[in-house]
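Q: Just passing along the structure, written as structure tokens.
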Amino acid sequence: MSVTEDKDAAHQRTGPSGDAPPPRGFVERTAAWSMAHRKTTILLWVLAVVLAYGASMVTGVKDQEDADNLTGQAAVAERMMDDADFADEGVERVLIQAREGKLSVATSESVVSSLRKRYADVEAVTKVGGPVTSEDGRSVLLPVTLDLGSGDD
């Protein structure tokens, strides 16, 4: 062996700087490439993060139901509440009746007007509907729509 062959053989065993052998495995080669191409590596990482974020936006999010956190009868009850077909709005119907006989139109209009004024001051009331008079003229129903809120309060 010549002197130059000895130097080449030593260079291959110890690496270019003389302190470590050249990378052999995939991870070592990738790390060496990343060190040699720092800007490209950083740009590729940023691109990977942006692509992952974009993919998560495209696939969407599935929210967990309240019943998924529960077990046993509590979970069954929660699923029954979720499946129940409750109205989106809470409507209370105020019954106005005469104690005896028919309710006069003037009295019913007076009571309805008074109730409208009182309900206007209540924050939970979103709407007071028109009065509905019964066929016999003895009763009047006044529908009052309430704000039920989101239920998360």
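Q: Can you pull out the residues in the range 118-148 that are more than 29 Å from the chain's Cα centre (by Cα) and assigned to a strand (DSSP E or B)?
A: Those that are more than 29 Å from the chain's Cα centre (by Cα) and assigned to a strand (DSSP E or B): 128, 132, 133, 139, 140, 141, 142, 143, 144.
Q: Something else now. Residues 33, 45: which one is among the aromatic types (Phe, Trp, Tyr) and touching a helix residue (DSSP H, G or I) at 6+ places or on another chain (Cβ under 9 Å)?
A: After ruling out the rest, the residue left standing is 33.
Q: Go through (1) closer than 26 Å to residue 140 by Cβ; (2) open to solvent by 100 Å² or more (accessible area, probe 1.4 Å) for residue 94 and report which single condition fails.
A: (2)
Q: Then there is this: So if I check each of 49, 111, which one is open to solvent by less than 100 Å² (accessible area, probe 1.4 Å), under 30 Å from residue 30 (Cα atoms) and either among the β-branched types (Val, Ile, Thr) or touching a residue at least 12 places away in the same chain (Cβ under 8 Å) (or both)?
A: Every option except 49 fails the conditions.
The values are calculated or read from the model by the stated rules, or taken from the named source; none is laboratory data. Keep in mind that what you see is a predicted model, and the values were worked out from it rather than measured. Here the Cβ is made from the backbone with ideal geometry for all residues, glycine too, and neighbour counts use every protein chain on show. Accessible surface areas use protein heavy atoms only, side chains included; no ligands, DNA or RNA. Shrake-Rupley method; radii C 1.70, N 1.55, O 1.52, S 1.80 Å.
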